[in-house]
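Shown next, in structure tokens, is the structure this report addresses.
The values are calculated or read from the model by the stated rules, or taken from the named source; none is laboratory data. Since the model is a prediction, treat every value here as computed from it, not as a measurement. For neighbour counting, all protein chains shown are included, and Cβ atoms are generated from backbone atoms with ideal geometry for every residue, glycine included. Surface accessibility is based on the protein's heavy atoms, side chains included, excluding ligands, DNA and RNA. Shrake-Rupley method; radii C 1.70, N 1.55, O 1.52, S 1.80 Å.
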Amino acid sequence: MKKLAKADHLEMYRLLFLTRHTEERMVEYHHHSPLTELPHVSIGQEAISVGACYNLREDDLILPSLRTRGAFMVKGISSRQMMAGAFAKVTGSGRGKNTSHHLGDRKKGVIAGSGIVGGHIPLGVGTALAAKLRKKDYVSVVFFGDGATNRGDFHEALNLAAIWKLPVVFVCENNLYAISTPASYHVAIKDIADRAAAYGMPGVVVDGNDVLAVYNESQKAYDRARNGEGPTLLECKTYRWRGHSERDPRDDRPKEEIEAWKARCPVKHYREYLLSQGIATEEELEALDESVKEEVKDAIKFAEDSPYPPAEEALLHTYATEKDVM
Ligand SMILES: Cc1ncc(C[n+]2csc(CCOP(=O)(O)OP(=O)(O)O)c2C)c(N)n1
Ligand SMILES: [Mg+2]
């Protein structure tokens, strides 16, 4: 496992704060002038995307969930592209046709998401099978929520991945709710990671609010995958601070529960770690904060100023052409 240098720590912190600030600004913007994208933000869960994607190679593939904003950023989707996508402008990665829920970029190793909860989990098994058949050592990383683990897709996917020993890592973002249904109601076991045993793969519980814990466990899982030892299920325990989406009509979660998780903020936690360990100074982190704020401000301006796609592009990317096929 690569040892993290100071520059890595600073970059991980920057990515955490970039994810946080991007989504805070999107929420703010959305409530005074609705975006085309209905934000389903990952505020409170950022350490999972950043920890699991940091140090992934360009050819490693990610299959995002509906709440994996940071993963796009770590994989190299720019703030401008991301924001323009949310505004449905032609400069977004899908040329105005998709928001982050369906954002894909094959060159950066991002496979477009699906509106069907959990529907992409078997696709990650397919991309991992492709790696094995082609004798390539890239890994596929699939992100999904706790609710998705009750779909048949999840179970079929894990079984196939395990029997074929495929290079895929399943990352469950267990934020304790599927819209308004508590995980304690929809799963009869405490740890979703326990389900891995039924398929014959390691299941690991990780503190999903600790970016270094997520990084360390995911690196072990990627090493296993690249060495031909097969898949791993990582269950990252976390919590979303906001409602399911920015149009959540009611959020009945207990106020004390929300406050208790806010006290375990992944961004603040990592910031304090870097300061207490003498890895970074207050001034260095403040400079990063300022650069992120500028970057997001620029991205919003870019998105506002960009045009919508022209009508002639309505059918572009609707059907695959020969050159689109891998
Ligand atoms: C097959 C399917 N059923 C229901 C929905 C509606 N839906 C969208 S998100 C969601 C909850 C997903 O919960 P979870 O997997 O825990 O992810 P989280 O939103 O908590 O990140 C549901 C039920 C859907 N999109 N697809
Ligand atoms: Mg959930």
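Away from ligand 1 (no atom under 16 Å from the Cβ) and outside any helix (DSSP H, G or I): is that true of L166 in this structure?
On the way: away from ligand 1 (no atom under 16 Å from the Cβ): yes; outside any helix (DSSP H, G or I): yes.
Yes; evaluated as a whole, the condition is true for this residue.
Looking only at the stretch 80-111, which residues are modelled with pLDDT of 90 or more and of a type in the set (A, V, I, L, M)?
M82, M83, A84, A86, A88, V90, V110, I111
Conditions first: (1) farther than 23 Å from E246 by Cβ; (2) under 16 Å from the mean Cα position of the chain (by Cα); (3) free of Cβ contacts under 8 Å to residues at least 60 places away in the same chain. L56 passes all but one, so which condition is the exception?
All conditions pass for L56, except number (3).
Tally the residues that are within 16 Å of ligand 2 (Cβ to nearest atom) and not aromatic (F, W, Y), restricting the search to the stretch 116-161.
The initial filter retains those residues of the stretch 116-161 that are within 16 Å of ligand 2 (Cβ to nearest atom), namely 116-121, 142-151, 153-154.
The next check asks that each one be not aromatic (F, W, Y); those that pass are 116-121, 142, 145-151, 153.
Looking only at that region, the number is 15.
Show the residue pairs meeting these rules: Cβ distance below 7 Å; 6+ apart or different chains; first residue within the stretch 277-299 and closer than 22 Å to E24 by Cα; second residue in a helix (DSSP H, G or I) and hydroxyl-bearing (S, T, Y).
L285/Y13; L288/Y13; E295/S79; V296/T22; V296/S79; A299/S79
For the stretch 232-326, give me every one of the helices (runs of 4 or more DSSP H) that falls completely inside it and has 3 or more residues that are in contact with a Lys or Arg (Cβ under 7 Å, 6 or more places away or on another chain) and closer than 22 Å to K97 by Cα.
Details: elements: 255-262, 266-276, 282-305.
Filter on the stretch 232-326 gives 282-305.
The conditions are (1) within 12 Å of ligand 1 (Cβ to nearest atom); (2) farther than 24 Å from R242 by Cβ; (3) open to solvent by 70 Å² or more (accessible area, probe 1.4 Å), and K190 fails exactly one of them. Which is it?
Condition (1) is where K190 drops out.
Before we move on, is S180 away from ligand 1 (no atom under 12 Å from the Cβ), open to solvent by 10 Å² or more (accessible area, probe 1.4 Å) and closer than 18 Å to D146 by Cα?
On the way: away from ligand 1 (no atom under 12 Å from the Cβ): no; open to solvent by 10 Å² or more (accessible area, probe 1.4 Å): yes; closer than 18 Å to D146 by Cα: yes.
For S180, the condition - away from ligand 1 (no atom under 12 Å from the Cβ), open to solvent by 10 Å² or more (accessible area, probe 1.4 Å) and closer than 18 Å to D146 by Cα - is not met.
Sort through R250, R271, R226 and tell me the only one that's out of contact with any His (no Cβ under 7 Å at 6 or more places or on another chain), buried (at least 19 other Cβ atoms within 10 Å of the Cβ) and among the basic types (K, R).
Values: R250 fails: buried (at least 19 other Cβ atoms within 10 Å of the Cβ); R226 fails: buried (at least 19 other Cβ atoms within 10 Å of the Cβ).
Criteria check complete, one pass: R271.
State all residues of the stretch 1-40 that are in a loop (DSSP other than H, G, I, E, B) and surrounded by 21 or more Cβ atoms within 10 Å (Cβ to Cβ); if no residue qualifies, say none.
Step one: filter the stretch 1-40 for residues in a loop (DSSP other than H, G, I, E, B), giving 1-5, 33-40.
Hits for the stretch 1-40 are E37, P39, H40.
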